[in-house]
1. What Kirkwood hydrodynamic radius, in Å, does the range 67-127 give when the mean of 1/r is taken over all pairs of distinct Cα atoms and then inverted?
2. Diagonalise the Cα gyration tensor of the range 172-249 and give the resulting equivalent ellipsoid semi-axes, square root of 5 times each eigenvalue, largest first, whole Å.
3. What does the charge add up to near Thr90, with Lys and Arg as +1, Asp and Glu as -1, over the other residues with Cβ less than 11 Å from its Cβ?
4. Ignoring ligands, DNA and RNA, what percent of the accessible area of the range 213-301 is carbon or sulfur (1.4 Å)?
5. For every other residue with a beta carbon closer than 10 angstrom to the beta carbon of Leu160, add +1 if it is Lys or Arg and -1 if Asp or Glu, then tell me the sum.
6. Probe of 1.4 angstrom, ligands and nucleic acids ignored: what's the accessible area per residue over the range 145-301, in square angstrom?
7. What Kirkwood Rh does the range 120-269 have if only Cα atoms enter the pairwise 1/r average? Answer in Å.
8. In nm, what is the difference between 0.36 nm times the number of residues separating Ala55 and Glu239 and their Cα-Cα distance?
Amino acid sequence: MRTSKRRVSGTLFGCCLLAASLLAQQDGVAPAPTDDPEKHHLLDWTIENQKKSDAALDLYERIERVESRKTARDPQPAEVRVFRVVPAGTGVDRILLGPEAKPVNGAAYRAELQKLTKALEWASQQGRPQREAYEKIAKKRKERTELIEATHTAFLYTWLADEPRGDRILSKFRMEPNPAYKPTSRVTSIFAKVRGYVWIDKPTGQLARVDAEITDDISIGGFLAKVYKGSHFMQERYEVEPGLWLPSFSQYDFDGRKFFLGFSVHERTFYGNYRRIGPPKEALPIIRAELDKMTSVGADP
């Protein structure tokens, strides 16, 4: 049920991204128009930070460790998968690794890099298929931005406390649906069924943590699928380089049904080893050099 998970988690996370922006600006009160230029500037700056973080995921490769459980309460995962995740312009390439985040088989790993090279070569070209693929991506990004902007009036925010995390002090806020909000689409109607908490690093206007829960059943794709009340999403974000905060941990606990079959998604994902690889034209020589090095030293990477 990965499609439903992506749609719902994207909505929850979209809510929280803008919540970060509003909280940094509003200091714990319900969002409202303001003529204060400084507050306008801070809001714009915070939203741009979130856009920058989102866009960076298309430029940074990373290692993802995905732990799957049968239920949220299981102390040990039923399955653990580790991937090298590499942006490839019009998609993301996920190369399966061993438990220690190392390739298990040199020949198989080389074959995966060769496939990645071909994908990057294709994405670097400027033909009609490439334009159409990038247009689809641009449309999705636009929809995500509009979703974030819609939450400007969809939630009310209340400051609760300042809490330490490492050498930083994060401001914790509760976010609740705004009863006066009028949904503009089926997707934004979900906002009325989401509540939770966000932690903000206010000096930088960055979202540090999200913890959101679905308070009523949500239908997806008309009535083809449903995510049940009590489903939960959490994410931690840290600064990976100055001015850029990216996920370090996500947890999904979704239960629901697709058609007439029930499903459960209980995953914890750990993110690390971020490295800027750039758009396809920049990433291509990096991957080619890696392949050349493997060829020169033998089969093992």
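1. 13.5 Å
2. 28, 15, 12
3. Values: positive: Arg131, Lys136; negative: Asp58, Asp93, Glu132, Glu135.
Summing Lys and Arg as +1 and Asp and Glu as -1 gives -2.
4. Carbon-and-sulfur percentage of accessible area, whole number: 56.
5. My count for the surroundings of Leu160 gives 0.
6. Computed with neighbouring chains in place, this is 51 Å² per residue.
7. On the way: mean 1/r = 0.0558 Å⁻¹.
Evaluated on the range 120-269, it is 17.9 Å.
8. Numbers: separation 184, 0.36 × 184 = 66.24 nm, distance 1.48 nm.
Working it through step by step, the gained length comes to 64.8 nm.
The values are calculated or read from the model by the stated rules, or taken from the named source; none is laboratory data. As the structure is a prediction and not an experimental result, all values here were calculated from the model. When we count neighbours, we look across all protein chains shown, and the Cβ atoms used for this are built from the backbone with ideal geometry, even at glycine. Side chains are part of the model used for accessible areas, which takes the heavy atoms of the whole protein and leaves out ligands, DNA and RNA. Shrake-Rupley method; radii C 1.70, N 1.55, O 1.52, S 1.80 Å.
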